[in-house]
Amino acid sequence: MPNIVVVGTQWGDEGKGKVVDILAPHVDVVVRYQGGNNAGHTVVVGKEKYVFHSIPSAILHPGRRCVIGCGVVVDPASLIEEMEALVRRGVVLDGNLFISKNAHMIMPYHRALDLAWEAKLGKRRIGTTGRGVGPAYADKAARVGIRMADLLDEPLFKEKLQANIREKNKLLREIYDAQTLTVEEILGPYLRYAGWLAPYITDTALLLARWIEAGQSVLFEGAQGTMLDIDHGTYPFITSSNTTAGGAATGTGVPPTKINGVLGVAKAYTTRVGSGPFPTELRGELADQIRARGNEYGATTGRPRRCGWFDAVVLRYAARINGLDTVALTKLDVLDQCETVKICVGYKYRGEVLSEFPEEERIWTEAEPVYEEMSGWLASTRGLRSYVDLPTKARQYLERLAELAGVELCLVSTGAVREDTIVLDGTPLTGWFPGVRYPIA
Ligand code: IMP
């Protein structure tokens, strides 16, 4: 049974939640491998809307095991809130949810530092989600982080907490002029969280190895997107983890040799939330129209997303960094009313046209996108479920994107609900999961 990574190819919010939701019935296990509750995956089932931050959305499919891998940073309070909301709606977590002992925790001082760092950056602020994700990963790398396993060992947890509070309070008070925290105000609630979470905290790398050995299929659910990767994204305007496919191995303990393929998810246009370079960004009426039609507001923070044209250079870059086998394209219907659609095919920088995504911040900021223009299809594609029903011009747009990026499309999403999906035949996706065809099981 194949083990497949689902990865965002842009700056996040590509619609990975919906794609994972479609694939979930065809796998046994879904595992998150990075990020924290900065992520927001929206899934619409009938009239019900679910927003996930830390738990894989596959939990909605009865019997699917969902894992929060060691590469994730967990805010226990936010996780418990998410768990309680799911339980209230009848979702069974016991026996279906597993949290890595090695996953690091987001602590209240991480949130305080996140806000303090941002305030200090002024014009160069990252525009983080304010969830404490960056500082939690910074502590992990600095070897002073507190892991889920530590939460179950009260004396060790207390010792680590005291050491951190001493250091963080100094930083908060003396460097950032921010409010300090006490050990007591954290210890009590965190020990209560320990009681709640203990049944779910386990050696998930071992479980995954056993399940894979037994022939079960694992889906790796990426959060954020390639361009927000700490090594391969638009640093420093990134999130603090490896969002790209390589992170799936380190963030779960599943060796790369057990991963069989990578599916990228791209939106038919581009969005970005937070600051940082975005070469194809639109401003004004057209951006507003796309934002309104695509409901482009952050699932976690509610912030309006910046909107722009599709960037084929970015998708080609994502194909290279992630080794994409195929791409699912979402939200085609959002462009239905555009008279013209544009695709970025390169960047003009100081008289030169660059065809590869550059590494330098100066180039991202100064470069002008080079566009190829196509006339829009000006017809509704919303809810279409068969490729041949798409207007010819919409098909031409899709085919050109795929050609420019050098990737093959396997799925086109034409609306928010599960069923508004076109699955293309004869692609890596149908090879991995032959049953993944409309009507979706
Ligand atoms: P952080 O992950 O909260 O540290 O934020 C760092 C950057 O990543 C900011 O630009 C955020 O807007 C962006 N970001 C974090 N999570 C997401 C997400 O799930 N979707 C889109 N952007 C995100």
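For region 301-327, residues that are open to solvent by less than 30 Å² (accessible area, probe 1.4 Å), within 16 Å of the ligand (Cβ to nearest atom) and either touching a residue at least 40 places away in the same chain (Cβ under 8 Å) or part of a helix (DSSP H, G or I) (or both) total 4.
Of all residues assigned to region 1-8, at least one qualifies as being within 16 Å of the ligand (Cβ to nearest atom) and touching a Ser or Thr at 6+ places or on another chain (Cβ under 7 Å).
The residues of region 340-352 that are open to solvent by 80 Å² or more (accessible area, probe 1.4 Å) and either assigned to a strand (DSSP E or B) or touching a Leu at 6+ places or on another chain (Cβ under 7 Å) (or both), listed by number, are Lys348, Glu352.
Only residues in region 118-137 that are in the same structural domain as Ile230 (by TED's automatic domain parsing) count as the first member; pair them with residues that are polar (S, T, N, Q) and more than 7 Å from the ligand (Cβ to nearest atom), Cβ under 7 angstrom, at least 6 apart or cross-chain, and list the lot. Matching pairs, first to second residue: none at all. Screening Gly406, Gly426 for residues that are open to solvent by 40 Å² or more (accessible area, probe 1.4 Å) and in contact with a Lys or Arg (Cβ under 7 Å, 6 or more places away or on another chain) leaves exactly one candidate, Gly406. The set of residues in region 328-339 being more than 18 Å from the chain's Cα centre (by Cα), in contact (Cβ under 8 Å) with a residue 40 or more places away in the chain and open to solvent by 10 Å² or more (accessible area, probe 1.4 Å) consists of Asp333, Asp336, Gln337. Kindly indicate the residue of region 201-250 that is more than 23 Å from the chain's Cα centre (by Cα) and not in a loop (DSSP other than H, G, I, E, B) and also farthest from the ligand (Cβ to nearest atom) among those meeting that condition. Across region 201-250, the extreme among qualifying residues is Glu213. Checking every residue in region 405-425 against the condition of being in a helix (DSSP H, G or I) and on the phi < 0 side of the Ramachandran plot gives at least one match.
Return a yes/no flag: does region 169-176 have any residue that is modelled with pLDDT of 95 or more, surrounded by 14 or more Cβ atoms within 10 Å (Cβ to Cβ), among the acidic types (Asp, Glu) and farther than 28 Å from Thr301 by Cα. Checking region 169-176: not a single residue is modelled with pLDDT of 95 or more, surrounded by 14 or more Cβ atoms within 10 Å (Cβ to Cβ), among the acidic types (Asp, Glu) and farther than 28 Å from Thr301 by Cα.
As a summary of the residue check, His26 satisfies the conditions (1) modelled with pLDDT under 95; (2) surrounded by fewer than 24 Cβ atoms within 10 Å (Cβ to Cβ); (3) over 22 Å from Ala103 (Cα atoms) except for the one numbered (1). Restricting attention to region 252-275, the residues being away from the ligand (no atom under 16 Å from the Cβ), under 21 Å from Val19 (Cα atoms) and assigned to a loop (DSSP other than H, G, I, E, B) number 4.
Looking at this structure, is Arg65 within 16 Å of the ligand (Cβ to nearest atom), charged (D, E, K, R), within 19 Å of Thr202 (Cβ to Cβ) and in contact (Cβ under 8 Å) with a residue 12 or more places away in the chain? It is false that Arg65 is within 16 Å of the ligand (Cβ to nearest atom), charged (D, E, K, R), within 19 Å of Thr202 (Cβ to Cβ) and in contact (Cβ under 8 Å) with a residue 12 or more places away in the chain. The set of residues from region 288-300 being out of contact with any Gly (no Cβ under 6 Å at 6 or more places or on another chain), in a loop (DSSP other than H, G, I, E, B) and open to solvent by 10 Å² or more (accessible area, probe 1.4 Å) comprises Asn295, Gly298. Taking into account only those residues within region 276-300 that are touching a residue at least 12 places away in the same chain (Cβ under 8 Å) and basic (Lys, Arg), which is nearest to the ligand (Cβ to nearest atom)? Step by step, filter region 276-300, then rank; the result is Arg291.
Tally up the residues in region 38-52 that are within 16 Å of the ligand (Cβ to nearest atom) and more than 10 Å from the chain's Cα centre (by Cα), please.
Final tally of qualifying residues: 5.
The values are calculated or read from the model by the stated rules, or taken from the named source; none is laboratory data. This is a predicted model, so every value here is computed, not measured. Positions of Cβ are backbone-derived with ideal geometry, glycine not excepted, and every protein chain shown enters the neighbour counts. Areas reflect the complete protein model, heavy atoms only, side chains present, ligands, DNA and RNA absent. Shrake-Rupley method; radii C 1.70, N 1.55, O 1.52, S 1.80 Å.
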